[in-house]
Amino acid sequence: MPPTVLIVEDTQSLAMMYQSYLLPTGVNTLVASDGQTAMDIINKVHPDLIVLDVMLPDMNGLDILATLEPDNSPQVVVLTGHATKEMAIQAIKLGASDFLEKPIEADRFRITVNNALKIKNLKQTVTQYKNKYENGKYFDLIGSSKQMQSVYQIISSASASKATVFITGE
């Protein structure tokens, strides 16, 4: 399933232009023209990436960014026509993966979106491997086979006593 990109942009012509930039990439795009609509879509759809304008009619885009959970949130690319160094620093501190100043060239936009989606994919892969590793690990022992699970049960039941236990096997 292709990734979903939410474009949060109050200027309809710019939102359509950003969508057209992403057309060749094959991603699914959704558009929100204000902050509340964006929050509703984020909570219902859980997009992989949010392209987030800072100046929205009902709220500041950075306020939306601040509400996202760092561990389980989409990647965010912040864009604005009123950029300052302080705003860019704040956006990155809040978890944005990149910060673009309008006007944005098509190639630069596509590369930034592609990079952000790669980061999202890498984070998911790391989480999957971490979970797999943690599920198959018992303290410093690693193994998820039935035989190792049986060894872990023996260790757990014997750990309550002070007895010395010798476990053998192949």
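The values are calculated or read from the model by the stated rules, or taken from the named source; none is laboratory data. Everything numeric in this text was worked out from a predicted model, so none of it was measured. As a convention, Cβ positions derive from the backbone with ideal geometry for all residues, glycine included, and neighbour counts pool all protein chains shown. These accessible areas exclude ligands, DNA and RNA; they are computed on the full protein's heavy atoms, side chains included. Shrake-Rupley method; radii C 1.70, N 1.55, O 1.52, S 1.80 Å.
Annotations
- Residues in the stretch 142-165 that are of a type in the set (Gly, Ala, Ser), under 39 Å from the mean Cα position of the chain (by Cα) and not in a helix (DSSP H, G or I): Gly143, Ser144, Ser145.
- Val31 being within 20 Å of Ile119 (Cα to Cα) and modelled with pLDDT of 95 or more: no
- Filtered residues of the stretch 1-45 (kept if within 16 Å of Arg110 (Cα to Cα), part of a loop (DSSP other than H, G, I, E, B) and open to solvent by 30 Å² or more (accessible area, probe 1.4 Å)): Pro2, Pro3, Gly26
- Taking each residue of the stretch 152-170 that is without any contact (Cβ under 8 Å) to a residue 60 or more places away in the chain and looking for partners that are open to solvent by 90 Å² or more (accessible area, probe 1.4 Å) with beta-carbon atoms closer than 8 Å, six or more apart or interchain, yields Gly169/Gln147.
- Which numbered condition Ile92 fails, given (1) over 23 Å from Met1 (Cβ atoms); (2) open to solvent by 60 Å² or more (accessible area, probe 1.4 Å); (3) at pLDDT 95 or above: (3)
- All of Lys130, Lys85, Lys118 fail the test of being open to solvent by 90 Å² or more (accessible area, probe 1.4 Å) and more than 21 Å from the chain's Cα centre (by Cα), apart from Lys85.
- Some residue of the stretch 51-68 being surrounded by 18 or more Cβ atoms within 10 Å (Cβ to Cβ), under 17 Å from Thr25 (Cβ atoms), at pLDDT below 95 and touching a strand residue (DSSP E or B) at 6+ places or on another chain (Cβ under 6 Å): no
- Screening the stretch 1-21 for residues that are among the hydrophobic types (A, V, I, L, M, F, W, C) and within 19 Å of the chain's Cα centre (by Cα) and picking the one that is farthest from Met55 (Cα to Cα) gives Met1.
- Among the residues of the stretch 69-82, those identified as assigned to a loop (DSSP other than H, G, I, E, B), under 21 Å from the mean Cα position of the chain (by Cα) and surrounded by 13 or more Cβ atoms within 10 Å (Cβ to Cβ) are Ser73, Pro74.
- Members of the stretch 84-115 found to be farther than 14 Å from Tyr21 by Cβ and touching a residue at least 24 places away in the same chain (Cβ under 8 Å), listed by number: Met87, Gln90, Ala91, Leu94, Gly95, Ala96
- Among the conditions (1) modelled with pLDDT under 95; (2) of a type outside the set (Lys, Arg); (3) open to solvent by 90 Å² or more (accessible area, probe 1.4 Å), Ile111 misses just one, which is (1).
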